[in-house]
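Enquirer: Okay, here's the structure, questions in a sec.
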Amino acid sequence: MKLLKTAAAAAISMALLAGCNDETIINNPVEPTPDATNVRFATYNLSFDRATFEDLVSEMQITAPEQEVLMQGWFDKTLTDDELKVAEKVIQIRNVAAVIQTERPAVLMMGEFNNDGIAENQDAIKGFRLNYLAVPQNALGTTADDKKMLEPIQFAYFENFSTNTGLLSEFDLDRNGKVALPGDAWGFGFYHGQYAFGLLSQYPIDTDNIRTFQNFKWKDMPGETNPTITNCDDDKNPIPTGMKCGDEWYTAEAWAEKPLSSKNHVDAPILIPTADGEKVVHLLLSHPTPPVFDTVTENNKLLNRAEIAFWNDYVAGADYIYDDAGNKGGLGLDASFVVMGDLNADPENGDGFLDAIQDLMNHDRVNTLATDGVYAPNSLGSTECVALGDCGDSTYPDRITSTFGLRVDHAIPSNDLNIIDSGVFWPATFEEGRLLMNDERVGKYGNGKDISSDHRLVWIEAKL
């Protein structure tokens, strides 16, 4: 953790950074070029889901001085109801930024960072970088009375990615008799761009060689078939009129067009300078659908498994795969990679099929020391949460990454990457930063998405 030496230094930095523009920060970084020997990769579901993309943009564009006015009103309890709603969003964003500044990853996969659906509008991600990450945050928590200010963190390179969430299909996918959001989007969402993901990096992103698989069809994955109605005698979930037990869920026309990816699958190479020359590491990014909310089929469970199994095949170089540019084949067998994201799958627990995530974490091409060995990410906070009965009953309580008691957030490295450390940011009640996770004064519940996220930042560190 890097801390500013004095409150005066924090105030000066905040004043200076408030006047910086994007170009200034990129060309004049606050901190030196990241150490190219040890590289920290992190994944974090930020829970920045909002009712509209415009809401998120608006929050991200609140400057540091404007945030301070809101926070002063929050502490003084002088805010109107509307101001309080904005202030609590600012608290959430600042706490998430503080978590990132504490752990200081060089590469960060950001889940649930909404965009415009097609990844053209960069206002939200720019605002997050400039108005929150580039401003000192309180290591003790935004709502703490005491202050221990963190150093800002810079990410000169960033990418947004288009998504299937909220992208309306032309088919009645949920079989309710009409075509409308959210149920008839290719990926669940109330608008195009909801639940999208983005990438921040302190190393150049090889944008010319990014591969996306947004349009890869589910039917084109070997062994995958149209889901069928299997829950046949459930009064709470009746079979739609005109269908019967065993019927294929999607029409032939819909199944032919159904994408595999509920959001996107992305291979984003980054370029890391080392003593032996430039090292390319492929960041394999995705956020599969959760394996729950099924009614008369096992649709979501099947899709979650298939979305994870895609990476099993991709790192093995499977030739059936094609990307959105029409290029065929998987990853080169000599390529370095890190699979990153909220995969909505725990290898030991939960409602989903466990085979795909288990296969991925034990893949021949994966460094299993970082998945099920001495460098499997863990925390004291998760252990305490399970012990207190607040996070379910996990097989490995020290490894869970979510408030609902599952290990769903992953950073899975290739076996040629030498992992030397790892962790999950989850302070226990006796550790610093607890107010980044829990404060009953904030929102309805005082934890989870109210205060920061219902997920935890997970990181691994590689020595190159």
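Every number here is computed from the coordinates shown, using simple stated rules; none is lab data. Not measured: the values here are computed from a predicted model. Neighbour counts run over all protein chains shown; Cβ positions are idealised from the backbone, glycine included.
Enquirer: Could you let me know the centre-to-centre spacing of segment 383-417 and segment 165-180, using Cα atoms, in angstrom?
Expert: Here the two parts' Cα centres lie 34 Å apart.
Enquirer: If you don't mind, another one. What's the Cα-based Rg to Rh of the chain, Rh via Kirkwood?
Expert: Values: Rg = 22.0 Å, Rh = 22.8 Å.
Ratio of gyration radius to Kirkwood radius for the chain: 0.96.
Enquirer: Give me a comma-separated list of calculated 3J(HN,Hα) values for segment 168-181, in order, Karplus coefficients 6.51, -1.76, 1.60 applied at θ = phi - 60°, integers in Hz, x for any Gly or Pro.
Expert: These are the phi-based 3J(HN,Hα) values: 5, 7, 9, 10, 7, 5, 8, 6, 9, x, 8, 10, 7, 6 Hz.
Enquirer: Among the GluC sites (Glu not before Pro) in segment 111-215, which ones are in a DSSP loop with at most 14 other Cβ atoms within 10 Å of the Cβ? Mind listing them?
Expert: On the way: sites: Glu112, Glu120, Glu159, Glu170; in loops: Glu112, Glu120, Glu170.
Here the GluC sites (Glu not before Pro) that fit, given the DSSP loop and packing criteria, are Glu120, Glu170.
Enquirer: Can you give the Rg to Rh ratio of segment 268-404, both from alpha-carbon atoms, with Rh computed by the Kirkwood formula?
Expert: Numbers: Rg = 17.0 Å, Rh = 16.8 Å.
Rounded to two decimals, Rg/Rh equals 1.02.
Enquirer: Expressed as a rounded percentage, what relative contact order does the chain have, with Cα pairs under 8 Å and six or more residues apart?
Expert: On the way: 1070 pairs, mean separation 78.6, N = 464.
Normalised by residue count, the contact order of the chain is 17 percent.
Enquirer: Further question on the same structure: Within the chain, which is the longest segment containing none of the trypsin sites (Lys or Arg not before Pro) that sit in a DSSP loop and have at most 10 other Cβ atoms within 10 Å? The partial results should precede the final answer.
Expert: Details: sites that count: Lys5, Lys77, Lys178, Lys236, Lys244, Lys444.
Between exposed loop sites, the widest span is 245-443.
Enquirer: Grab the Cα-Cα distance for Thr228 and Asp313, subtract it from 0.36 nm times how many residues apart they are, and report the gain in nm with one decimal.
Expert: Numbers: separation 85, 0.36 × 85 = 30.60 nm, distance 2.44 nm.
Here the answer is 28.2 nm.
Enquirer: Further question: If amide H atoms are built 1.01 Å from N in the plane of the peptide, which residues on other chains or at least 5 residues away come under 5 Å of the amide H of Asp247?
Expert: The answer is Ile229.
Enquirer: Provide the per-residue ³J(HN,Hα) series for segment 205-221, in order, calculated from phi with Karplus coefficients 6.51, -1.76, 1.60 and θ = phi - 60°, each as a whole number of Hz, with x at glycine and proline positions.
Expert: Whole-Hz 3J(HN,Hα) from phi for segment 205-221: 9, 6, 4, 5, 10, 5, 10, 10, 10, 4, 9, 4, 7, 4, 5, 8, 8.
Enquirer: Among the lysines, select those whose C-alpha is under 29 Å from the C-alpha of Lys449, and discard any that sit fewer than 8 residues away in the same chain.
Expert: Lys2, Lys77, Lys85, Lys89, Lys126, Lys147, Lys148, Lys263, Lys301
Enquirer: Mind listing the long-range amide H neighbours of Gln137? Cut-off is under 5 Å, sequence gap 5 or more, other chains count too, H placed in the peptide plane at 1.01 Å from N.
Expert: The answer is Leu150.
Enquirer: Hey, another quick one. Just from its helices, what would the mean residue ellipticity at 222 nm be for the chain, if runs of 4 or more DSSP H residues each count -39500 (n - 2.57) and the sum is divided by every residue, rounded to the nearest 500 deg cm²/dmol? Show your work: numbers first, answer last.
Expert: Working: 10 runs with 106 residues, N = 464.
That calculation yields -7000 deg cm²/dmol at 222 nm.
Enquirer: Hey, can you grab everything whose amide H is under 5 Å from the amide H of Val281? Only 5+ residues off in sequence or another chain; H modelled, so Pro and N-termini drop out.
Expert: Ile270, Ile272
Enquirer: Still on this model: What angle do you read, to the nearest 10 degrees and between 0 and 90, between the alpha-carbon axis of helix 64-76 and the longest principal axis of the chain?
Expert: Helix 64-76 sits at roughly 90 degrees to that axis.
Enquirer: Related question: Where does helix 81-103 land angle-wise versus the long Cα axis of the chain, in degrees 0 to 90, nearest 10?
Expert: For helix 81-103, the angle is close to 90 degrees.
Enquirer: Please work out how much length the chain gains when fully extended from Thr274 to Ala180, using 0.36 nm per residue of separation minus the C-alpha to C-alpha distance, in nm with one decimal.
Expert: Working: separation 94, 0.36 × 94 = 33.84 nm, distance 5.06 nm.
Working it through step by step, the gained length comes to 28.8 nm.
Enquirer: Tilt of helix 7-18 relative to the longest C-alpha principal axis of the chain, in degrees (0 to 90, nearest 10)?
Expert: Approximately 60 degrees, to the nearest 10.
Enquirer: DSSP loop chymotrypsin sites (Phe, Trp or Tyr not before Pro) in segment 258-347 with at most 16 other Cβ atoms within 10 Å of their Cβ, which ones? The partial results should precede the final answer.
Expert: Working: sites: Phe293, Phe310, Trp311, Tyr314, Tyr320, Tyr322, Phe337; in loops: Phe293, Tyr320.
Sparse-neighbourhood loop chymotrypsin sites (Phe, Trp or Tyr not before Pro): Phe293, Tyr320.
Enquirer: Order by neighbour count: Phe171, Phe113, Phe75, Phe425, fewest other Cβ atoms within 10 Å first, most last.
Expert: Details: Phe171 17, Phe113 26, Phe75 13, Phe425 23.
Placing the least packed residue first, the sequence is Phe75, Phe171, Phe425, Phe113.
Enquirer: With θ set to phi - 60° and the Karplus curve 6.51 cos²θ - 1.76 cosθ + 1.60, what are the ³J(HN,Hα) couplings of segment 387-398 in order, to the nearest whole Hz, using x for Gly and Pro?
Expert: Running phi through 6.51 cos²θ - 1.76 cosθ + 1.60 with θ = phi - 60° gives 4, 7, x, 9, 9, x, 10, 9, 4, 10, x, 6 Hz.
Enquirer: Starting from the eigenvalues of the Cα gyration tensor, five times each then square-rooted, give me the equivalent ellipsoid semi-axes of segment 33-110, largest first, whole Å.
Expert: Details: eigenvalues 170, 44, 20 Å².
Ellipsoid half-lengths, sorted descending, are 29, 15, 10 Å.
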